[in-house]
Amino acid sequence: MSQETLPPNADAQQHVLTHVTNRIGYIELARPQALNALSTAMVRAMQTALDAWRDDPEVLAVLVHTRHPRAFCAGGDIRFLYESYRAGNQTAIDTFFIDEYRLNHTIFSYPKPYIALMNGVVMGGGMGISQGAHRTGGLRVVDGTTRLAMPETRIGLFPDVGMGWFLARTPGALGRYLAVTGETIDAASALYAGLADMYLDSDAQPALLDALQTEPFMSGEDIAGRIRRAAGSAVASRAAQVGACALAVARAWIDRHFAQPTVAQILASLETAQREAKGAESEWAEQMIGVLRERSPLSMAVSLEVVSRAEGPMADVLRRDLDLTRSSFAQGDVVEGIRARIIDKDNRPRWRFASIEDVPPEEVEGMFKSPWSVTEHPLRTLVG
């Protein structure tokens, strides 16, 4: 399988390039006109490559990257999902999410180091194909251009692709904050939150990629170690930047307000701080209130629950994510959110509930009801 290109689905062939060089399996995302947004065919092309390389002794590690500076991956192709819904094609929606979440689990449980070079925009599905690297002995590498987010509450969705699992394991209330607000973070904040493993300046990456294709390696650990050495010279200066990052500066406020048990209580806590706190905290609280008032009230409540319920295995999280995609389209805000933000771009979504205070707890609980029995669930075979 060495030095050859795997034959992915024809629809994805130009968007996902896969090959093995120097005992490293390369997955290159090449759909820049859509910021490398994932289609079903792209997901399947990645799955095909990972399945082929899993037991191939000539593949020691996997590296996923893009040559395009604007985006590693901006998420799933939500325009396609919207159009499928409007056409009444539930099968297409289900198929996309089933395949995507199966891929997320494959990455999370991969037996070889999986390395993600995360430049530019890394959102939604882009997080799903990168965060699992941390569990494989691989690396999540960021640079000065990297911008990470799970901005789903802005379109009436929730942090899916298993991200509830990772957000639940961030320090303090950072995961709850990122899930509910959907705010974007830079490389330093990603390192601070434990959503990235190392920083490598974008100018240094071409030389690293050249080295990976020419230097001899005996194991996947050798490959990951070579990448760590490439970043080693910047560690001291980067540590100082991480300590002064936006999340670190706001950490005490985030923990105080976003540890509240419900979004309504989070909002009330922020409103109290806006009135009574001094200086920077009052200004930050005012900004956060504005963010929360713009997001879908129902999806914020669901997103907080997604993080709260994500303490079990990743397989359980992904099954629950799939359940929630069904309810989000059937009775949630996602169709309206995509219409307002992506299709018509009027930025005036008409959410099901006017404010977070109006969302009944039973509505939130109902969103988590699975349309499948345990024995019929499409992701029933996932373990761990």
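The values are calculated or read from the model by the stated rules, or taken from the named source; none is laboratory data. The structure presented is a predicted model; accordingly, all values stated were derived computationally and were not measured. Counting neighbours? That spans all protein chains shown, and the Cβs are built from the backbone with ideal geometry, glycine included.
Brief remarks follow.
- The residues on offer are THR95, THR66, and the sole one that is more than 20 Å from PRO159 (Cβ to Cβ), crowded, with 21+ Cβ neighbours inside 10 Å and not assigned by TED's automatic domain parsing to the domain that holds VAL334 is THR66.
- When residues of segment 269-285 are limited to those that are without any contact (Cβ under 8 Å) to a residue 12 or more places away in the chain and small (Gly, Ala, Ser), the one surrounded by the fewest Cβ atoms within 10 Å (Cβ to Cβ): GLY279
- The lone exception for ALA116 - which of (1) within 18 Å of ILE185 (Cα to Cα); (2) among the aliphatic types (A, V, I, L, M); (3) surrounded by fewer than 24 Cβ atoms within 10 Å (Cβ to Cβ) it fails: (3)
- Test result for ALA224, assigned by TED's automatic domain parsing to the domain that holds LEU174, hydrophobic (A, V, I, L, M, F, W, C) and outside any loop (DSSP other than H, G, I, E, B): yes
- Segment 309-384 holds helices (runs of 4 or more DSSP H) entirely within its bounds, and those carrying 2 or more residues that are free of Cβ contacts under 8 Å to residues at least 12 places away in the same chain map to 314-330, 361-367.
- Single unsatisfied condition, GLN33 versus (1) in a loop (DSSP other than H, G, I, E, B); (2) at pLDDT 95 or above; (3) among the polar types (S, T, N, Q): (1)
- Single residue of ILE266, ILE227 found to be farther than 22 Å from GLU28 by Cβ and surrounded by 15 or more Cβ atoms within 10 Å (Cβ to Cβ): ILE266
- Count of segment 58-90 residues which are of a type in the set (Gly, Ala, Ser) and part of a helix (DSSP H, G or I): 1
- Members of segment 150-177 that are surrounded by fewer than 24 Cβ atoms within 10 Å (Cβ to Cβ) and either more than 18 Å from PRO261 (Cβ to Cβ) or outside the structural domain of GLN131 (by TED's automatic domain parsing) (or both): PRO151, ARG154, ARG169, PRO171
- Among residues of segment 286-304, those that are buried (at least 22 other Cβ atoms within 10 Å of the Cβ), assigned to a helix (DSSP H, G or I) and among the small types (Gly, Ala, Ser), counted: 3
- For segment 308-315, the count of residues that are surrounded by 23 or more Cβ atoms within 10 Å (Cβ to Cβ), over 18 Å from TYR101 (Cβ atoms) and not small (Gly, Ala, Ser) is zero.
- Applying the criterion of being surrounded by fewer than 24 Cβ atoms within 10 Å (Cβ to Cβ) and among the small types (Gly, Ala, Ser) to the residues of segment 191-209, the residue that is modelled with the highest pLDDT is GLY194.
- Within segment 21-30, tally of residues that are assigned to a strand (DSSP E or B) and not β-branched (Val, Ile, Thr): 4
- Remark: PHE217 falls outside the filter, which requires a residue to be surrounded by 18 or more Cβ atoms within 10 Å (Cβ to Cβ), touching a helix residue (DSSP H, G or I) at 6+ places or on another chain (Cβ under 8 Å) and not assigned by TED's automatic domain parsing to the domain that holds ARG348.
- GLU221 being under 30 Å from GLU363 (Cα atoms) and among the charged types (D, E, K, R): no
- Filter pass, SER84 being more than 13 Å from the chain's Cα centre (by Cα), on the phi < 0 side of the Ramachandran plot and free of Cβ contacts under 8 Å to residues at least 60 places away in the same chain: yes
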